């Protein structure tokens, strides 16, 4: 999956950094810094690039595992940077279209087609004792068509967070929390810190840091892990209305349900986020305040599910590339060609060719402006935290998945 480089929010006087992508396949994130802005700003510029690379290298790996690998890689790279005491909490969300097949073993009731095909092939391979690559490939090619016949297109929301930045989904007017607050006051997290040799004093790790999970904070890395809490939710077009991402400056003075009630009837997402920030300020919130609201277009979701709307394919993502789909680059070129016709350049081949070249140069220049991401270093870890997968029909208000 190729993630569009995030658009930075307007500068704020806090230590928060936010990143947004506005496409059918979306990436959204808020990073709340402590001990300076370095870690939050670094993650805002780099985390999506690392996630993109991880997804490209392992297209059949479940997304929650890829998010865990990404957070771990980011944490490792922050440790190598000179500012050892800077850190940040993080909440990220990935929205994407997938062809999914029924799976009774999954809490969501379905699995993405790619990972499901791999799992089914492995099961067949184990049962038939297939040992040669040729036979294994033949097994995969035989399983995939069967799964494709059962597949349906669905939009899936994947989330990951460390610290107390939070994400809330509004489903039929009810607030459903899709993150976990990693604080010293949490019993499970306190036990984990104690088992690692640390202390919780005044609800802070070693009496210093209020959160028990974060990116950065190299001086406390033995105790403050970067492994995220992850969720997977299949979007229900008739029920799911919008998503709120915000740092603790909002949640310290506003409950999940109250935040949903405040903006449920506000259609403009920008205005809705301002309402939440103003509400927190009116409640005398003294912490960093960043808030993002993403409204879900239920009609478009239904159209795409029913194949009434052409889905833009995404390079490198087998789950969203569909027959007849086109890339974002092709869309840009197509628009440029239409502009040429409408401007009368079609009758002047030389001028049209020059305009075409200028368009392609602008595209190339835009791509080169993107700051290259750091080298991705992913170390295999057999002790990764359990992936919490949420049922679309039953999401607790405060999920209590495995948080080792």
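Nothing in this text is a laboratory measurement; each read-out follows from the coordinates by a stated rule. Since the structure is predicted, the reported quantities are computational estimates derived from the model, not experimental observations. Don't worry about glycine lacking a Cβ; one is built from the backbone with ideal geometry, like all the others, and counts go over all protein chains shown.
Sort 286, 212 by Cβ crowding within 10 Å, fewest neighbours at the top.
Ordered from fewest to most neighbouring Cβ atoms within 10 Å, 286, 212 come out as 286, 212.
What is the order of 285, 259, fewest Cβ neighbours within 10 Å to most?
Going from sparsest to densest Cβ surroundings: 285, 259.
What nm distance separates the two modelled labels at residue 84 and residue 241, each placed 7 Å from Cα along Cα→Cβ?
Taking the simple label geometry, residue 84 and residue 241 are separated by 5.0 nm.
Listed highest first by mean packing, meaning other Cβ atoms within 10 Å per residue, what order do 227-239, 187-199 come in?
227-239, 187-199
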